[in-house]
Structure formats: C-alpha cells, structure tokens
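The values are calculated or read from the model by the stated rules, or taken from the named source; none is laboratory data. Predicted model, so just to flag it, every value in this text is computed and none were measured. Cβ sites come from the backbone with ideal geometry, for glycine too, and all protein chains shown count toward neighbours. What goes into the accessible areas is simple: the full protein's heavy atoms, side chains included, and nothing from ligands, DNA or RNA. Shrake-Rupley method; radii C 1.70, N 1.55, O 1.52, S 1.80 Å.
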Amino acid sequence: MSRMTTDSGVLAVVLFVSALVVPSVWSQTVAISGYVKAENIYDTRQVAQVREGQFHLYPLPDTEASRTDNLTYASFQSRIRVTGSGTEALGADLTGVVEADFFGTANDYLGQFRLRHAYVQLDWGGEKLLFGQYWSPLFTAAVFPQTVAFNTGAPFQPFARFGQIRFTIERGGVRLITALSQQRDAFSDIGGNKLQQQAAIPAGHAHVQVFGASRLVGGGVYVKSIRPTLTSERFTAAAVQGYAMIESAPFTVRAKATYGADLTDHLMTGGFITVEDGSFESLRVGSAWLDVSWSAGGPVALGVFGGFLTNMGAGPSVTVLLQDTDGDGIGDVETKATRADNLDRLWRVAPRATYSTGRLRFALEGEVTSALFASDRDNNYAPVALDSDEAVTNVRGHLAVYYFF
C-alpha cells in the first residue's frame, strides 16, 4: 500500500471526525451514532466471500484445497453515522446523512474508510425526495433478514447500495416508491458499475407497500440497461419481487421472494452471456427466504433465517451456442460476466441468539449453507445436476460483540 493511499485515508478520517466535533457552530441538529463491532468467525471449509470471509455467499466447489477450514478475527465492520436535521428548504424538512465504516472498497483496501450511505432527503410529510447513495429498493429497508452476519441473507436477499433519485408518496397506509438508480457499491465486481454508466440510462424501480401498525405487504419491479462494451448494443434486464412482514408479539415474521435476470449487481448469482446470434442474454435466478424473530422484551432475543436459491438459465425462448472452450468436457459460452452460473441450487439455515444489556450486545449465530454445483447444462444455459454431483456444505460459527453509541 502506498504512502499516498495511507495519507489519503487518514485525511478522510480527520475530515470526517472534524465535522463531528464542531456541530455547535451549525444552526441545525447533528446526531452522531454507530457501533464498534468485534467478530470471530469459523468456517469448516473455504467459501465464496469478500473481506476475509466477512461477507459469505456460498461454499466453493469441492476440491482438496477448499476442504480446509478457516478462522477470522476482525473489527472493520465498525461504523459511524452523522445525521444533520432541523432545517427546512422548499417547504420540506431537510435531512442529510453520511455513514461510513472500515470495510474498504475492495479486498486490497481492507480496513480503510469507505462510504456506505450519503444522501439528502426532503420530507413534506406525505412525500419524500431523496438524492444520493442508499439501499436499492430491491433490498427493501422495511423488510430484510435480521441476521448477525453482515451479508444480511445474501445471495438469497438482494444486497446493494445505489446512487439514486428516489421519490416516495405515502397516503393512508399505502406507500409508493419510485427511483432512478445506478450501481455504486463496494461489491460491483462482476463487470463493475461501468456497465450501467456506459449504457447512459438509469435503472428504474417501482414498489407498492401496504402497511399497518403490525404488518407490511409489498412488491416491486426493477428494470436496468447494460452496455457490456462501448461498441455493443444495450440490452435490458428486469426483476420482480414480493415481500411481507407480520408482527405478533413476541414473534416477527419476515419473508421475500425474488425472480429476475442479471442480479449480480445485487450480489446474487447469474449474470449475462453471449448467445447464438452474438447478442447478450441475461441469466435468471429465483430465490426466497424466511426470517423469524422472537423477543419478549428482555435482554435475550432469538431468531432463525432460511433461504433457497436456484439458477434458471437464459429462458426457454433462448438458444445458447455451447462450446467446450476450456477442454473440461462441459459446454460453455465464448463471453460471459457471471457469478456461480453453474450453481444448480443453494440453501441456508442460520439460527441466532443475542443478549443485550445497555449499549453492549453479544450475538451468536450458526450458519449451514449447502450448494449443489452442476456438471452439465441444458440448451438455455441452465445448470443440470447429474446423479454424480454432490452438494458441498459449509458450517459457520459466528460470535459478534457490539458497543452502540
């Protein structure tokens, strides 16, 4: 790591902290929050992951090397958030949020300050307008898994923060969310955000949510444009999802189902490939998850997460020209930008328990994730598992200790 890179990181921290210690000169209210998080993680085998295993997706295909276990101690998920409020503009309450942690923007920059959220929001009461980087609407901030793991249920749960312009209307228990967005996150490793930038068209989101004091039901759609190279034609990919949350003390149940194409920008599997006529085609994925939490109001809370995912290929109307390009006897395509496109199916079960006292929390989670990688494909590039294919299973033990401020 160069001295310049290190100095830049230190300067960013100094500037960020300087903004925290002089709020008295501002007319608005500035709130500081966040947490310190120390984690201890053990895996029974090697897994597809980022940041030293902190973000776990699925176990790697079975090899002699991948059967090796792994242990990680880390604290770089520690987080700080600054919220400015108390002023008005254009007749709306004005809020600004900056949130950062030490997760780094890539594995080579682990431990460096990186931006999570940064947005400006205008709130007129029944309408809200947001500009900046925030959760993708497919993540659904109102309904997401309550796991101890930082992956928050990925790859079963769409996970992404996008630069966006978001408009929300809320009337009588009905909420409409629309957004124009572009991929912008630390995990844009399948082609990167340039694929959407050079398409020069923002992605579009539309969600409808019906909610009450103890329930929420909603659904949404997502459509994006991609230009894989500067000289290629654009193509589109889309996704749909439905979700719900029901609270009935002491239980809270959350669930979501997602079906879509090229959702690698949300840290799911699939991607896109070339097809017989030389054009590009998205690969489809389907997933569903269920999260159940129990809390009686005391220091102890329990929960369990379960998820299932399957890759579904390029669709029945698409013929893919398969070639054995690498000599392994398996049909492949000339060009692709994919994540785990040979994964036939994946499931996970993750029970958890937390103990909280004041600002201190201890959290323990077990995670069993099983992947079946297929050794064959059909003409639509969907994985086809043979009788000889065996599932690969990782068992993770996760202890986390938090101090909230």
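Summary table
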| item | result |
| --- | --- |
| Unmet criterion (only one of (1) among the polar types (S, T, N, Q); (2) buried (at least 18 other Cβ atoms within 10 Å of the Cβ); (3) out of contact with any Asp or Glu (no Cβ under 7 Å at 6 or more places or on another chain)) for residue 183 | (3) |
| Condition met for residue 144 (under 19 Å from the mean Cα position of the chain (by Cα) and open to solvent by less than 30 Å² (accessible area, probe 1.4 Å)) | no |
| Some residue of segment 212-232 being touching an Asp or Glu at 6+ places or on another chain (Cβ under 6 Å), modelled with pLDDT under 90 and in a loop (DSSP other than H, G, I, E, B) | no |
| Among the candidates 242, 212, 218, residue that is closer than 15 Å to residue 179 by Cβ, in contact (Cβ under 8 Å) with a residue 12 or more places away in the chain and among the small types (Gly, Ala, Ser) | 218 |
| Test result for residue 156, of a type in the set (Phe, Trp, Tyr) and either open to solvent by 10 Å² or more (accessible area, probe 1.4 Å) or at pLDDT below 95 (or both) | no |
| Some residue of segment 197-215 being within 30 Å of residue 249 (Cα to Cα), loosely packed, with under 14 Cβ neighbours inside 10 Å and among the basic types (Lys, Arg) | no |
| Sole residue being farther than 30 Å from residue 380 by Cβ and touching a Pro at 6+ places or on another chain (Cβ under 8 Å), chosen from 249, 179, 213, 244 | 179 |
| Hey, residue 299 more than 21 Å from residue 141 (Cα to Cα) and at pLDDT 95 or above or not | yes |
| Filter result for residue 208 (in a loop (DSSP other than H, G, I, E, B), at pLDDT 95 or above and of a type in the set (A, V, I, L, M)) | no |
| Some residue of segment 375-382 being at pLDDT 90 or above and under 28 Å from residue 54 (Cβ atoms) | no |
| Flag if residue 247 is part of a strand (DSSP E or B) and more than 22 Å from the chain's Cα centre (by Cα) | yes |
| Close pairs from segment 290-308: first touching a residue at least 60 places away in the same chain (Cβ under 8 Å) and more than 14 Å from residue 247 (Cα to Cα), partner among the β-branched types (Val, Ile, Thr) and assigned to a strand (DSSP E or B), Cβ under 9 Å, at least 6 apart | 305/292; 305/349; 307/349; 307/369 |
| Of all residues making up segment 102-141, the number that are open to solvent by 20 Å² or more (accessible area, probe 1.4 Å) and among the hydroxyl-bearing types (Ser, Thr, Tyr) | 4 |
| Unmet requirement for residue 159, which otherwise passes all of (1) free of Cβ contacts under 8 Å to residues at least 24 places away in the same chain; (2) within 30 Å of residue 348 (Cα to Cα) | (1) |
| Residue within segment 279-286 that is part of a loop (DSSP other than H, G, I, E, B) and open to solvent by 30 Å² or more (accessible area, probe 1.4 Å) present | yes |
| First in segment 102-120 and closer than 17 Å to residue 160 by Cβ and in a strand (DSSP E or B), second anywhere and among the hydroxyl-bearing types (Ser, Thr, Tyr) and open to solvent by 70 Å² or more (accessible area, probe 1.4 Å), Cβ under 6 Å, 6 or more apart | 114/105 |
| Boolean, residue 191 is of a type in the set (Gly, Ala, Ser), at pLDDT 95 or above and within 30 Å of residue 347 (Cβ to Cβ) | no |
| Residues of segment 354-371 satisfying the condition of being surrounded by fewer than 17 Cβ atoms within 10 Å (Cβ to Cβ) and touching a strand residue (DSSP E or B) at 6+ places or on another chain (Cβ under 7 Å) | 355, 359, 360, 362, 364, 366, 368, 370 |
| Candidate set from segment 216-232 (those that are over 20 Å from the mean Cα position of the chain (by Cα) and over 17 Å from residue 280 (Cα atoms)); member that is most open to solvent (accessible area, probe 1.4 Å) | 217 |
